[in-house]
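To start, the structure under review is shown below, and the notes come after it.
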Amino acid sequence: MNSYNQVSKTISLDQYGIKNAKINYQLSPEQLHDISVEKGLGVEVSSGSLAISTGEFTGRSPKDRFIVKDDITKDRVWWGDINIPFDPDKFGRLYSKMVSYLSNKEVYVRDCYACADDNYKLSIRVFNEYPWSNQFAHNMFIRPTEDELNNFNPEWTVMNAPGFMADPEEDGTRQHNFAILDFSKKIAIVGGTGYTGEIKKGIFSALNFVLPVFKNTLPMHCSANVGKDGDTAIFFGLSGTGKTTLSTDPNRSLIGDDEHGWTNENTVFNFEGGCYAKVINLSRDKEPEIYDAIKKGAILENVVLDGNGVVDFGDTSITQNTRVSYPIHHIENIQIPSIGKNPKNIFFLTADAFGVIPPISKLTPSQAAYHFISGYTAKVAGTEAGVVEPMPSFSACFGAPFMPLHPAKYAEMLSKKMIEAGVNVWLVNTGWTGGPYGVGKRMELKYTRAMINAVLNGDLGLYNYDDYHIHSVFGVAQPRTCPGVPTSVLSPRQTWNDDKAYYTTAFKLTNAFRENFKKFEAHCSEEIRRGGPQRYTF
Ligand code: ATP
Ligand code: MN
């Protein structure tokens with residue numbers, strides 16, 4: 001028999017409309033792990049962590065994410081394909097259907113916080129149909145102390161039922177799965193999908209509205225860490241560009257790997273209490289801190305095991321988006337609490353599959369604003385045979401799917417803060433070198449780490465004209481040398497060995513940048529517009 005730390009508090013679910021449910025309140029991660037295994041909803045792998053399968057969805061579904069259009073949101077939200085409006089009455093009806101679905105069932109309930117800074121703390125009550133989803137909430141949100149739990153007053157509610165299917169015609173959804181935010185009721189509902197990332201990104205989207213609108217704080221889709229001298233670095237980037245990988249650095253204390261706020265009191269704080277790392281091709285050799293965090297308490301998603309319960313991280317037969325969630329204290333070197341001072345350096349990470357953006361370069365303030373609004377990365381063709389052409393992908397503020405306001409709002413706040421704080425901004429290509437996807441290869445992680453370390457140690461100052469080269473297409477300052485990195489790697493053109501092909505591809509990407517930027521031009525000053533690539537076309 002296992003013994004667990006029990007919470008003595010009990011709660012009632014009447015006010016939520018959930019009737020006759022067996023309430024599993026604030027269970028420990030060990031209990032949730034054991035229940036998941038007992039019920040056959042997960043298995044324990046050789047490292048001791050739980051492995052589950054999220055079912056039909058192994059990633060978020062941005063087209064099924066809605067915001068209730070009401071008095072709070074109607075004039076503030078940037079409505080469109082990203083922020084899709086939802087009718088308040090329909091929300092009420094869908095919510096009722098969901099809670100009657102959860103009635104007479106076992107429900108896993110957990111109280112937790114978002115935002116490590118006490119002045120911004122958001123209290124959340126999470127309801128889950130599945131035990132492992134509730135363990136995910138334990139891992140990813142901030143865990144209250146016993147005292148905090150006794151005085152807990154939940155402000156936001158997350159209602160999560162992967163087994164509940166919406167009826168699009170009756171409910172007003174696009175299909176059976178949905179993630180909907182109601183800012184008046186302060187409720188997020190997630191149904192028809194077991195993908196855990198929807199739970200954390202629901203609260204992230206809520207904060208991306210609440211913090212700038214009501215608290216004068218800039219929310220950011222970035223990771224953050226702190227050096228020994230207290231210097232904070234933050235890393236913006238779209239999925240798969242390296243936020244989690246690069247912020248997990250044995251020599252720097254981790255603040256967080258995905259979501260942060262930058263306050264007017266010159267601090268940066270983590271929204272979360274855990275990390276959610278990609279584990280595709282994970283190796284102990286290249287990423288020891290993340291590898292070792294996968295122990296009891298961590299939850300692996302959609303990985304494939306061998307007969308002995310050993311994970312094969314190279315197996316992507318279920319999805320390329322295999323993941324692990326773990327509480328932040330599974331990483332040895334962390335900042336407690338998860339708060340740092342104003343950043344000294346900001347990195348924009350991009351996985352450029354065209355292989356034309358320099359592996360590291362320094363941006364001027366206009367270039368920084370331009371690249372922030374553009375939010376470029378590339379999507380590589382999946383595993384389909386014969387498809388080798390990369391696709392440019394632009395996502396404003398490096399996180400458009402989670403940003404309810406117009407991107408210019410976040411960009412204005414960031415520009416102002418960057419200028420006040422005097423930060424240096426760097427563009428880092430963690431993508432391809434030596435040619436595009438299919439010809440070249442991904443930048444070696446050890447080189448990207450060396451470039452970032454050089455910046456953080458002050459070895460890439462670019463003080464003298466001789467230290468750098470202004471890239472003829474992107475206009476960015478490309479260092480000529482960098483400790484720990486072969487000089488040839490620093491110039492993408494040189495790695496190609498074919499100038500004509502390099503420039504043709506660079507201009508192709510330039511055109512994609514310009515095409516994408518058109519929709520923001522009206523909102524941006526001439527100075528920001530000048531931060532883009534040069535006006536060459538082929
Ligand atoms: P998400 O927003 O989805 O959490 P992320 O920005 O945190 O995404 P990571 O989880 O850090 O992305 O994923 C980066 C992936 O790319 C990892 O699997 C990492 O091993 C791999 N990788 C390969 N080369 C590099 C490199 N040069 N720099 C960074 N990551 C690299
Ligand atoms: Mn990440």
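With a 1.4 Å probe and all protein chains kept in place, how do K39, K379 rank by accessible area, largest first? Don't skip to the answer; put the middle values down first.
Details: K39 100, K379 130 Å².
Accessible-area ranking of K39, K379, largest first: K379, K39.
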Seminar exercise, completed: Note on segment 126-180: contact order normalised by length, alpha-carbon pairs under 8 Å, 6 or more apart, percent, works out to 37 percent
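Given Cα positions, please report Rg to Rh for segment 275-330, the hydrodynamic radius being the Kirkwood one.
On the Cα set of segment 275-330, Rg over Rh gives 0.93.
First measure r as the distance between the Cβ atoms of Y25 and D87, then evaluate 1/(1 + (r/R0)^6) with R0 = 35 Å and state the FRET efficiency to the nearest 0.05. Display every interim value, and only then the final one.
On the way: r = 33 Å, r/R0 = 0.93.
Calculated transfer efficiency: 0.60.
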Problem set entry | Rounded to whole Hz, the Karplus (6.51, -1.76, 1.60) HN-Hα couplings of segment 135-152, x for glycine and proline | 5, 4, 4, 4, 5, 8, 8, 8, 7, x, 6, 4, 4, 4, 5, 5, 10, 6
Exercise. Accessible area per residue of segment 275-330 at 1.4 Å probe, in Å²?
Worked result: 43 Å²
For this session: Just reorder H330, H33 by solvent-accessible area, largest first, 1.4 Å probe, all chains present.
Result: H330, H33
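Using the structure shown, list the pairs from K97/K200; K215/K362; K341/K409; K341/K417 with a Cα-Cα distance above 20 Å, or answer none.
Too far apart for the 20 Å limit: K97/K200; K215/K362; K341/K409.
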Seminar exercise, completed: SASA check, S366, accessible area w/ 1.4 Å probe, all protein chains in place, rounded to nearest 10 Å², comes out at 20 Å²
For this session: Please work out how much accessible surface E272 shows to a 1.4 Å probe, ignoring ligands, DNA and RNA, in Å² rounded to 10.
Result: 0 Å²
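If contacts are Cα pairs under 8 angstrom and at least 6 residues apart, what is the relative contact order of segment 305-406 in percent? Could the numbers behind the result be given before it?
Values: 66 pairs, mean separation 18.6, N = 102.
About 18 percent, as a whole number.
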Problem set entry | Spin-label zone in segment 18-46 - amide nitrogen under 20 Å from a point set 7 Å from the Cα of T10 along the C-beta vector | 18-28
For this session: Enumerate the residues in segment 1-30 having an amide nitrogen under 13 Å from the point lying 7 Å beyond the Cα of K296 toward its Cβ.
Result: 1-5, 29-30
Problem set entry | Inter-label distance for D498 and D466, nm, one decimal - labels placed 7 Å from Cα along Cα-to-Cβ | 3.6 nm
Exercise. Using θ = phi - 60° and the Karplus form 6.51 cos²θ - 1.76 cosθ + 1.60, what ³J(HN,Hα) does each residue of segment 493-504 get, whole Hz, x for Gly and Pro?
Worked result: 4, 5, 6, 7, 6, 7, 4, 5, 4, 4, 5, 4
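Protein chains only, probe 1.4 Å: how do H221, H406, H469, H329 rank by accessible area, largest first?
Numbers: H221 10, H406 35, H469 75, H329 105 Å².
Putting H221, H406, H469, H329 in descending order of accessible area: H329, H469, H406, H221.
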For this session: State, to one decimal in nm, how far the label point of L149 lies from the label point of R530, with both points 7 Å from Cα in the Cβ direction.
Result: 5.8 nm
Exercise. In percent, what relative contact order does the chain have, based on Cα pairs under 8 Å that are 6 or more apart in sequence?
Worked result: 13 percent
Seminar exercise, completed: For G274, other-chain or 5+-apart residues with amide H closer than 5 Å (H placed, Pro excluded) are I328
Problem set entry | Cut-off under 5 Å, modelled amide H: who pairs with I187 long-range | T157, D182
For this session: Starting from the Cα of K185, draw a straight line to each of the aspartates and glutamates and keep only those under 17 Å, dropping any in the same chain fewer than 8 residues away.
Result: D14, D70, D71, D87, D89, E155
Seminar exercise, completed: Given backbone amide H placed at 1.01 Å from N, residues whose amide H is under 5 Å from that of F313, ignoring those fewer than 5 places away on the same chain, are none
Problem set entry | Taking only Cα atoms of segment 342-531, radius of gyration then Dmax in Å | 16.3, 50
For this session: Find the all-direction average of the projected area of the Cα convex hull for the chain, expressing the result in square nanometres with one decimal place.
Result: 25.2 nm²
For this session: Enumerate the calculated ³J(HN,Hα) couplings along segment 109-116 in order (Karplus 6.51 cos²θ - 1.76 cosθ + 1.60, θ = phi - 60°), each rounded to whole Hz, writing x wherever the residue is Gly or Pro.
Result: 10, 9, 9, 7, 10, 10, 5, 6
Problem set entry | Segment K121-Q320, length gained on full extension (0.36 nm per residue, minus Cα span) | 68.3 nm
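Rounded to the nearest 0.05, what FRET efficiency do D312 and K63 give with R0 = 25 Å and r taken as the Cβ-Cβ distance? Could you check? Walk me through the intermediate numbers first.
Numbers: r = 31 Å, r/R0 = 1.25.
About 0.20, to the nearest 0.05.
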Seminar exercise, completed: Distance in nm between E170 and S184 label points, each 7 Å along Cα→Cβ, equals 2.4 nm
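The values are calculated or read from the model by the stated rules, or taken from the named source; none is laboratory data. Predicted model, so just to flag it, every value in this text is computed and none were measured. Every residue, glycine as well, gets a Cβ built from its backbone with ideal geometry; the counts of neighbours run over all protein chains shown. We work out accessible area using only protein heavy atoms, side chains counted, and drop any ligands, DNA or RNA first. Shrake-Rupley method; radii C 1.70, N 1.55, O 1.52, S 1.80 Å.
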